[in-house]
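Chemist: If you scroll down you'll find the structure; I have some questions about it.
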Amino acid sequence: MLDLDIPVVLRVNVGADTTVELPQLFAAFDAMGWTSYGHFHCQLAPINDHGCTGCVSGYQPEFTLLHQLHAVFDDWEDTRERYHVTLGYDMERRTSLLRTALYGRQSSLLRRHDLSGCSASNQHYVVFGADGLLYACPETGRVERDGDRPLPSRLRSRPADLVALGRQHRQHRQVHRLHIAPVCGGACPWHGFNASSFDAYEPHCNYASQTIATYLDVNRARILELVD
């Protein structure tokens with residue numbers, strides 16, 4: 001695919017105990033020659049638990065992954081450039097402005113001026129289900145019921161429904177009260193439904209504040225260098 005100039009984004013779901021294996025994985029990218037192509041990218045995303053089950057193996061908040069990356073690699077910014085690494089979409093969007101200010105670098109996979117917290121609502125991708133149907137959200141699959149409670153029709157994984165839900169979710173009055181609303185956007189409606197008494201319109205920011213604070217903390221030396 002790379003030889004045919006087809007862009008490839010290799011997503012890697014990183015668990016709490018697998019971050020230490022990334023150097024070996026990146027070395028394999030080099031060995032196979034993938035990093036010599038400008039249209040190859042590796043996207044790192046933390047294993048999440050949008051269903052709020054509490055039993056997902058390897059689950060970790062995104063700010064924890066940020067800490068781990070800076071602990072495993074001596075120079076994370078250099079590593080990102082060398083191996084064409086981007087972060088999960090939420091992490092990338094929340095830290096992109098800070099990264100541009102500190103390092104003058106931007107993610108080629110990030111849509112500018114995207115204030116949404118739900119990538120499905122922006123129609124970023126279409127999921128081809130094993131049942132032959134198309135879905136907007138890769139997290140939920142085709143879920144019609146949760147226990148004995150029927151899900152709201154808007155939460156069923158039809159693209160038009162999720163687009164409408166995501167847009168309304170961003171406009172929820174509680175989202176406007178959040179001081180980081182432009183980089184949070186209310187986050188995942190599906191997570192909000194599972195975490196907030198079955199209210200999909202309740203904002204769930206997925207540790208957005210902690211992610212931003214962590215980014216500033218792990219880049220403390222760069223900040224001090226710029227203000228010195």
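Chemist: Treating each Cα of the range 1-107 as an identical point scatterer and ignoring solvent, apply the Debye formula and state log10 I(q)/I(0) at q = 0.11, 0.16 Å⁻¹.
Modeler: So the normalised log intensities work out to -0.36, -0.76.
Chemist: Also: Full-extension gain between TYR59 and SER108, please, as 0.36 nm times their residue separation minus the C-alpha to C-alpha distance. Before the final figure, lay out the partial values.
Modeler: Details: separation 49, 0.36 × 49 = 17.64 nm, distance 2.68 nm.
Length difference between fully extended and current span is 15.0 nm.
Chemist: Right, here's the next one. Quick one: which of 75-88, 215-228 comes out on top by average Cβ neighbours within 10 Å, and what's the full order, highest first? Walk me through the intermediate numbers first.
Modeler: On the way: 75-88: 17.3, 215-228: 12.0.
Output ranking for 75-88, 215-228: 75-88, 215-228.
Chemist: Tell me, what is the FRET efficiency for VAL227 and ASP3 to the nearest 0.05, using R0 = 45 angstrom and their Cβ-Cβ distance as r? Don't skip to the end; give the middle numbers.
Modeler: Details: r = 46 Å, r/R0 = 1.02.
Efficiency, from the Cβ-Cβ distance: 0.45.
All of the numbers you see were taken from the coordinates with simple rules; none came from a lab. Computed from a prediction, not measured in an experiment: that's the story for all the values here. Cβ coordinates were reconstructed from backbone atoms using ideal geometry, including for glycine residues, and neighbour counts include every protein chain displayed.
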